[in-house]
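Contents: one structure, followed by commentary.
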Amino acid sequence: MTRHIICAAAERMVREAQARVLVYGHIHTPYQRKVGDAALLSVGAVSGSNDADPRPAYTILNLDATISVEVRRVEWPSEERLEAYRLAGVDRRFSRDQPGPFPIRSRPGVAITVWP
């Protein structure tokens, strides 16, 4: 996908949501970006991230005078995690124990201001 198409999709998501902050999931990679005067956030994945750090990740969103986000990674041995997923009935293809194909887009434990 070209950068232009990705930017157009992000702009459309924010515009159609009519939101200053749009938070979503499903891509299994935590990241945040400004889109015009709005913020677009992907929250991560408890079943392991698709980026170069396979640990489960989640995002803390602080809504105050400024909007800040902090991605947190969970230290959980992959063997133990994969066994827990198996026992919970999570299909193996939906969990990650090796690094994924995407770059790390946010540093764990570092809060950043995304708006204003």
inquiry  = Return the residues of region 59-102 that are within 19 Å of the chain's Cα centre (by Cα) and within 17 Å of Leu40 (Cβ to Cβ); say none if nothing qualifies.
reply    = Thr59, Ile60, Leu61, Asn62, Leu63, Ile67, Ser68, Val69, Glu70, Val71, Phe102
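Of the residues that make up region 69-79, is at least one in contact with a Leu (Cβ under 9 Å, 6 or more places away or on another chain), at pLDDT 85 or above and surrounded by 13 or more Cβ atoms within 10 Å (Cβ to Cβ)? I'd like the intermediate steps shown before the answer.
First, pick out the residues of region 69-79 that are in contact with a Leu (Cβ under 9 Å, 6 or more places away or on another chain): 69-70.
Still in the list and also at pLDDT 85 or above: 69-70.
Still in the running and surrounded by 13 or more Cβ atoms within 10 Å (Cβ to Cβ): 69-70.
Scanning region 69-79 turns up at least one residue that is in contact with a Leu (Cβ under 9 Å, 6 or more places away or on another chain), at pLDDT 85 or above and surrounded by 13 or more Cβ atoms within 10 Å (Cβ to Cβ).
Within region 1-97, which strands (runs of 3 or more DSSP E) (wholly inside it) include 2 or more residues that are touching a residue at least 12 places away in the same chain (Cβ under 8 Å) and among the charged types (D, E, K, R)? Break it down into steps so the answer makes sense when it comes.
On the way: elements: 21-24, 31-35, 38-42, 57-63, 67-73.
Qualifying strands (runs of 3 or more DSSP E): 31-35, 67-73.
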message = Here's a check for you: in region 98-116, which residue that is among the hydrophobic types (A, V, I, L, M, F, W, C) and outside any loop (DSSP other than H, G, I, E, B) is surrounded by the fewest Cβ atoms within 10 Å (Cβ to Cβ)?
response = Ile112
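The values are calculated or read from the model by the stated rules, or taken from the named source; none is laboratory data. What you see is a predicted model; the values in this text were computed from it and never measured. With ideal geometry, Cβ positions are generated from the backbone for all residues, glycine too; neighbour counts draw on all protein chains shown.
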